[in-house]
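The values are calculated or read from the model by the stated rules, or taken from the named source; none is laboratory data. Fair warning: this is a prediction, and the values are worked out from it, not measured in the lab. Glycine also receives a Cβ, built like all others from the backbone with ideal geometry; neighbour counts cover every protein chain displayed. Only protein heavy atoms, including side chains, enter the accessible area calculation; ligands, DNA and RNA are left aside. Shrake-Rupley method; radii C 1.70, N 1.55, O 1.52, S 1.80 Å.
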Amino acid sequence: MKTWREIRGFPPAIRLLLVNQLGVNTGFYLLIPYLATHLGQDLGMSAAVVGIVLGVRNLSQQGLFILGGSAADRLGARGVIIAGCALRTVGFALFALGDGLPVLLAASVLSGLAGALFNPAVRAYLAREAGDRKAEAFALFNVFATTGALVGPLLGSALLFVDFRLSALTAAGVFAVLTVAQALVLPAGEATPSGGTVLADWREVVSHRAFLAFALAMVGMFTMENQLYLLLPDGARRATGWDGAAGLVFLVGTLANLTLQLRITTALKNRRTRAVWISAGLALMALAFVPPMAVAGASAPDGPVRAALGLLPVLAGALLLYLGVMVAQPFVMELVPEFGRPELTGTYFGVFYVVSGIAAAVGNTVVGWAMDAGGDRAAWLPWACCLALGLMSAAAVARLHRTRALPERLPAEAAR
């Protein structure tokens with residue numbers, strides 16, 4: 001009930017953006033997790049070609065976040081959000097309608113560019129409209145995003161029983177509805193000129209040493225969060241011998257997020273500074289890898305009881321990881337735009353997500369290498385890598401806080 005009261009307390013624009021994020025994640029996870037299987041099994045493409053198609057989509061999104069952020073600052077976040085959703089509608093529809101490599105590459109580019117446009121623009125719009133309630137707004141944003149990340153794969157797996165193309169068209173339909181809703185309901189806001197060129201804006205942001213240090217310190221958060229889709233599902237499958245166990249990881253996290261996210265953010269907001277909670281959240285995320293690491297490499301279960309007991313440490317780790325994200329992420333999102341001028345909010349988010357995208361790619365590569373190198377003899381290795389990276393990120397944020405490099409404010413100021 002508290003969550004719904006908080007939602008009603010925000011203006012219609014923010015409520016629409018929350019629903020928008022639910023739809024964005026539902027549509028995305030409805031399609032993307034099953035795209036590689038479709039390309040390889042249904043279309044008979046080689047692993048190399050599948051990798052190219054998926055890589056082009058990822059590069060188009062992660063590498064162009066800064067363009068989306070700058071566009072939001074200069075053209076207004078509303079138009080960029082609408083354009084991004086419209087482009088993803090076209091991109092996902094092409095995945096359904098085309099089988100040839102040129103069409104699939106075009107679909108990858110369009111769907112990636114779409115994400116590069118609306119991801120920083122949505123966050124910039126949310127930060128500007130939420131005023132001094134940014135933390136609560138981003139907490140709710142996390143709730144809706146997590147829910148969509150659960151609903152999407154469940155709906156996608158059901159639609160796959162019919163046909164992949166139906167999944168792609170359904171995902172495109174979700175984004176088409178979002179595009180129309182935003183065009184009709186989302187209020188327009190005037191963009192405030194930054195007073196310089198786009199390149200000057202970029203130079204201003206990337207020359208902000210404290211901001212870059214913070215973005216690099218957050219590498220651990222994005223790498224660990226990505227293990228919800230790589231290491232933890234793999235650990236759940238190995239612990240039980242059942243492929244469906246991976247879904248329980250997301251179910252535990254979604255239920256915890258729905259019931260605890262807003263309570264956690266509200267309770268912490270006016271106690272201590274944001275950097276303290278970001279560092280604590282990162283440390284909690286790091287410790288999430290200890291329970292699964294303790295049982296990694298155990299022999300395959302020989303019955304349902306042993307399988308359930310083997311799954312418990314993995315689910316405990318998943319719960320701790322979600323709790324760490326719930327503690328840290330709203331304050332991270334609240335902090336990013338405060339490094340610079342309001343006119344460059346979108347650009348700051350864009351650069352921040354470029355760094356996070358690179359971090360996630362490199363981090364997943366390292367974790368994947370550790371999974372292969374560790375094998376059964378050193379199955380603890382990838383979990384230990386995540387533990388070490390998370391603790392280093394927590395220490396880095398704590399150091400930035402001690403040296404007063406972060407744009408902090410006292411809890412009393414946050415309560416005003």
Exercise for review: Residue by residue through region 182-192, note down the ones that are assigned to a helix (DSSP H, G or I) and open to solvent by 30 Å² or more (accessible area, probe 1.4 Å).
Suggested key: A183, L184, V185
Check your understanding: Considering only region 156-178, how many residues are assigned to a helix (DSSP H, G or I) and at pLDDT below 90?
Key -> 5
Point to revise | Any hit, region 359-374, residues being at pLDDT below 95, hydroxyl-bearing (S, T, Y), part of a helix (DSSP H, G or I) and within 30 Å of P193 (Cα to Cα) | key: no
Review point. V109 passes all but one of (1) in contact (Cβ under 8 Å) with a residue 40 or more places away in the chain; (2) in the same structural domain as A36 (by the TED database); (3) closer than 16 Å to I14 by Cα; (4) open to solvent by 30 Å² or more (accessible area, probe 1.4 Å); which number fails?
Key: (3)
Check your understanding: What are the pairs, 6+ residues apart or on separate chains, where a residue within region 169-196 that is in contact (Cβ under 8 Å) with a residue 24 or more places away in the chain has its Cβ under 8 Å from a residue that is assigned to a loop (DSSP other than H, G, I, E, B)?
Key -> A188/G76; G189/G76; E190/G76; A191/G76; S194/R341
Practice item. Evaluate region 357-376: report whether one residue or more is of a type in the set (S, T, Y) and surrounded by 22 or more Cβ atoms within 10 Å (Cβ to Cβ). Key: no
Exercise for review: Identify the residue in region 193-212 that is in a loop (DSSP other than H, G, I, E, B) and of a type in the set (G, A, S) and, among all such residues, is nearest to G76 (Cα to Cα).
Suggested key: S194
Exercise for review: Please work out which one of (1) at positive phi; (2) modelled with pLDDT of 85 or more is the condition R399 fails and give its number.
Suggested key: (1)
Check your understanding: When you scan region 1-93 for helices (runs of 4 or more DSSP H) that lie fully inside it, which ones turn up with 3 or more residues that are among the aliphatic types (A, V, I, L, M) and either closer than 29 Å to E129 by Cα or in the same structural domain as L110 (by the TED database) (or both)?
Key -> 12-31, 47-62, 65-75
